Amino acid sequence: MNTFLPFALPDIGEEEINEALDSLRSGWLTTGPKTKRFEEEFAAFVGNGVEAIAVNSATAGLHLALEAVGIGPGDEVITTPYTFTSTAEVIRYLGADPVFVDSDPNTYNIDPTKIEAAITPRTKAIVPVHFAGLSCDMNVLLSIACRHNLKVVEDAAHALPTTCNGQLIGTLASDVTVYSFYATKTITTGEGGMIVTRNPELAKRCRVMRLHGISRDAFDRYTSTKPSWHYEVIAPGYKYNMTDIAASLGIHQLHKAHLFQQKRQTMAAGYDEALQGLPLLLPPHAPSGDTHAWHLYVIRLTDDAPVSRDRFIELMAEKGIGCSVHFIPLHLHPYWRDRYNLQPEDFPCALHTYEQAVSLPLYTKMSDDDQNRVIRTVKEILG
Ligand SMILES: *Cc1c(COP(=O)(O)O)cnc(C)c1O
């Protein structure tokens, strides 16, 4: 019997470990020089004059971004049900309401042709999610936002690095973009996230609200050579700052981001080729010339498959392979269902994609043998 192949594993090298040890030995554990360096290097990586603000999760980053663009009680924010609950929960944190727009049957991203019908006088923003690392149709989405004077905050938790019409996500004409460094994401700090924006006012607001609404960072206060005990609280902020231990990992993970993406892309192509002719749909691809981050590799079992989706995942687990499902659409979860009185068929594309979806393991720590084992097992079950 083979050892169990988990659904996901982080890829942490000696560089990350040594950098974290250096932080532990330095005496500076919380937000400090490593976080600052990670932010500077991240801003340079994205380019186009963005500022980067490190936070302790993408959830925190999305919350700060929506707060900074002015979302408040009674507002409506358009997003997709085909996402993780973070995307929508932060809207509720601010007393606003998410308005779900169904996903596209081919890309699984929010269907831009259905957005305008969901806009009301209360609509203030759109939060697109680049599902699996494939960019939303941002041209159409941004022009709708522009026409209706809506803010755009991109949930780029899956999208490092992803491009849209040749431009890196993070550099588009949206207001704010937020990345996740959760343990399963394309680069990781264990827990962490990054806010990116070209708007200095939004950056400033996120920085202040990330640390208790205090007008100066702890690092500035403690490293200043002048007496600097004084600070001012200008808002009831949050405790969302990144630690230097986490940033130590992020600095080196970021250096490998393009390498990791290439590896993921090669593995995705390997699956594409090997899984042809089986009763399943392969994942959608980026338009030619664009980059797909391949955070996830999601197949859909078609009706002619010999087993149900649930049974397929059970059989894979029995054969020692971890799979997952992305996502259980938000409108099927009790909180969202009951709060907004939603029916499964309200979002038929999200529902039907979910019913067939299986995420296969795809991560840089997997060997060719690991991937071949996944392929062999899928073929055994579905062949
Ligand atoms: C992982 C994820 C998040 C949340 O990221 P955290 O860093 O864990 O807060 C948000 N949105 C999507 C689509 C995600 O997959």
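Laboratory data are not the source of any read-out in this text; all were calculated from the coordinates shown. Keep in mind that what you see is a predicted model, and the values were worked out from it rather than measured. So basically every Cβ, Gly included, is an ideal-geometry build from the backbone, and we count neighbours across all protein chains shown.
Things to note:
- For the stretch 88-153, the average shadow cast by the Cα convex hull is 4.5 nm², which is a quarter of the hull's surface.
- Scaling against 2.2 N^0.38 Å puts the C-alpha radius of gyration of the stretch 174-321 at 1.52.
- Neighbour counts of other Cβ atoms within 10 Å put Asp137, Asp111 in the fewest-to-most order Asp137, Asp111.
- Between the stretch 72-114 and the stretch 361-375, the Cα center-to-center distance that results, in Å: 33
- Charge dipole of the chain about the Cα centre (unit charges at C-beta), most positive-ward option of Val307, Ala235, Val77: Ala235
- One Cα centroid belongs to the stretch 239-263, the other to the stretch 9-55; the line between them spans 6 Å.
- Selection from Val374, Asn199, Ser215 lying farthest towards where the dipole of the chain points positive, charges on Cβ: Ser215
- Here the convex hull built on the C-alpha positions of the chain has a volume of 142 cubic angstrom per residue.
- Degrees separating the helix 58-68 axis from the principal Cα axis of the chain, which is the longest one: 50
- The distance between label points at Arg37 and Glu355 comes to 5.3 nm (points 7 Å beyond Cα on the Cα→Cβ vector).
- Listed residues Ala20, Ser135, Ala145: farthest to the positive end of the dipole of the chain (Cβ charges): Ala20
- Dipole magnitude (debye, nearest 20) for the chain, charges at Cβ of Lys, Arg, Asp, Glu: 880
- Classification of the stretch 1-152 by its C-alpha gyration tensor yields a prolate form. The axis ratio a/c (a ≥ b ≥ c) is 1.5 or more, and a/b outweighs b/c.
- Ala317 paired with Arg25, simple spin-label distance in nm, labels 7 Å along Cα-to-beta-carbon: 4.4
- Rounded tilt (10° steps) of 309-318 against the dominant C-alpha axis of the chain: 90
- As a rough footprinting exposure proxy, the listed residues Cys323, Cys136, Cys146 were ranked by other beta carbons within 10 Å of their own, and the order from fewest upward is Cys146, Cys323, Cys136.
- Check: the stretch 258-382 dipole with +1 on Lys, Arg Cβ and -1 on Asp, Glu Cβ, in debye: 320
- Per-bin percent of Cα-Cα distances, the stretch 258-382 [5 Å]: 2, 10, 19, 21, 18, 14, 10, 5, 2, 0
- Unsatisfied cross-links (Cα-Cα over 31 Å) in the set Lys36/Lys114; Lys34/Lys319; Lys151/Lys185: Lys36/Lys114; Lys34/Lys319
- The stretch 32-39 - phi-based ³J(HN,Hα) in whole Hz, Karplus 6.51/-1.76/1.60, Gly and Pro as x: x, x, 5, 4, 4, 5, 4, 4
- Reduced Cα scattering model of the stretch 146-218, Debye log10 I(q)/I(0), q = 0.12 Å⁻¹: -0.39
- Highest to lowest packing among 305-311, 129-135, 239-245, 377-383, scored as the average C-beta count within 10 Å: 129-135, 239-245, 377-383, 305-311
- Each Cα pair under 8 Å and six or more residues apart adds its separation to the average, and for the stretch 14-255 the resulting relative contact order is 28 percent.
- 3J(HN,Hα) couplings calculated from phi for the stretch 268-280 with the Karplus curve 6.51 cos²θ - 1.76 cosθ + 1.60 (θ = phi - 60°) are, in sequence order, 4, 5, x, 4, 3, 5, 6, 9, 5, x, 8, x, 8 Hz; Gly and Pro show x.
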